[in-house]
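Below is one structure, written out as structure tokens; comments come after it.
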Amino acid sequence: MKKELAGRIALVTGASRGIGRAIAIALAGAGADVAVNYRSKADEARKVCREIEKLGRRGIAVQADVGRTTAVAGLVERVQREFGTVAILVNNAGVGRMRTIEEITEEDWDEMLAVNLKAAFLATQAVLPAMRAAGWGRIINISSVAAQMGGVVGPHYAASKAGILGLMRYYAAHLAREGITVNAIAPGPIDTDMLAALPQLRPDLIPVGRLGTAEEVADAALMLARNGYITGQTIGVNGGRYIS
């Protein structure tokens, strides 16, 4: 298979498991070297790197809380020092702690917005100078079907994932002529650890009759990483749960 991303450096945030893990491995399969960011699951991140290395690519696990400016700066600096310029950024890191309208607190709101939205802004700002200098870049933000239909996790989650879409549209509009595409993926119910805490999202409620897989989301991410003509778009990977 042609390695369409050979020579490219990718950074995937929150890549120690689930969707991030699947995207990191898919990018490596297409020829990219991949930095696997994680916050606390070091062993899982190193396992992902071993999978990347089995594909003949370089993998590095880098710990960083991407909701903090200094941590993001250190993350990008290390990747650039050890691998080179980040050409593909996947803003995947996120949390999804369920809170009802009655339960949610200001602290819940602040944490969700920091991890799910602010982190994408910080990472994008950190990698953009080098992408602009190179005249090539792919930025892929992982949103959620909750941004489009509210979801069940809570108002903080829906708002953070909707914010991802607005952020994507702004960058896409302003970077299109510089060879940098910016898109989003809005997964529906995907069979991951996060979904295990949401038993109300039953497969029979999804039009295709099953949960999605992380690899199916990774397929969409790989398509966006390869394509230079798609920008400013939200790709739904949701089994028909939301039809745009």
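A few comments on the model shown:
- Sole residue being of a type outside the set (S, T, N, Q), under 22 Å from Val66 (Cα atoms) and part of a helix (DSSP H, G or I), chosen from Ala176, Ala130, Ala186: Ala130
- Identity of the residue in the range 42-61, touching a strand residue (DSSP E or B) at 6+ places or on another chain (Cβ under 6 Å) and assigned to a helix (DSSP H, G or I), that ends up surrounded by the fewest Cβ atoms within 10 Å (Cβ to Cβ): Glu53
- Subset of the range 186-221 that is crowded, with 20+ Cβ neighbours inside 10 Å and either more than 25 Å from Ala159 (Cβ to Cβ) or more than 15 Å from the chain's Cα centre (by Cα) (or both) - its residue that is modelled with the highest pLDDT: Ala218
- Test for Ala130: is it surrounded by 23 or more Cβ atoms within 10 Å (Cβ to Cβ) and more than 21 Å from Val237 (Cβ to Cβ): no
- Failed item, numbered, when Ile230 is tested on (1) assigned to a helix (DSSP H, G or I); (2) surrounded by fewer than 16 Cβ atoms within 10 Å (Cβ to Cβ); (3) in contact with a Leu (Cβ under 9 Å, 6 or more places away or on another chain): (1)
- Output for the range 222-244, where each listed residue is charged (D, E, K, R) and modelled with pLDDT under 95: Arg241
- Every condition in (1) among the charged types (D, E, K, R); (2) modelled with pLDDT under 95; (3) surrounded by fewer than 17 Cβ atoms within 10 Å (Cβ to Cβ) is met by Arg39 except one, and the failing one is (3).
- Number of positions in the range 149-166 that are surrounded by fewer than 24 Cβ atoms within 10 Å (Cβ to Cβ), touching a Gly at 6+ places or on another chain (Cβ under 8 Å) and either among the basic types (Lys, Arg) or part of a helix (DSSP H, G or I) (or both): 1
- Within this structure, Ala73 fails the test of being in contact (Cβ under 8 Å) with a residue 24 or more places away in the chain and either buried (at least 17 other Cβ atoms within 10 Å of the Cβ) or under 11 Å from Ile9 (Cα atoms) (or both).
The values are calculated or read from the model by the stated rules, or taken from the named source; none is laboratory data. Worth saying up front: this structure is predicted, and the values here are computed from it rather than measured. Cβ: placed from backbone, ideal geometry, glycine included. Neighbour counts: every protein chain shown.
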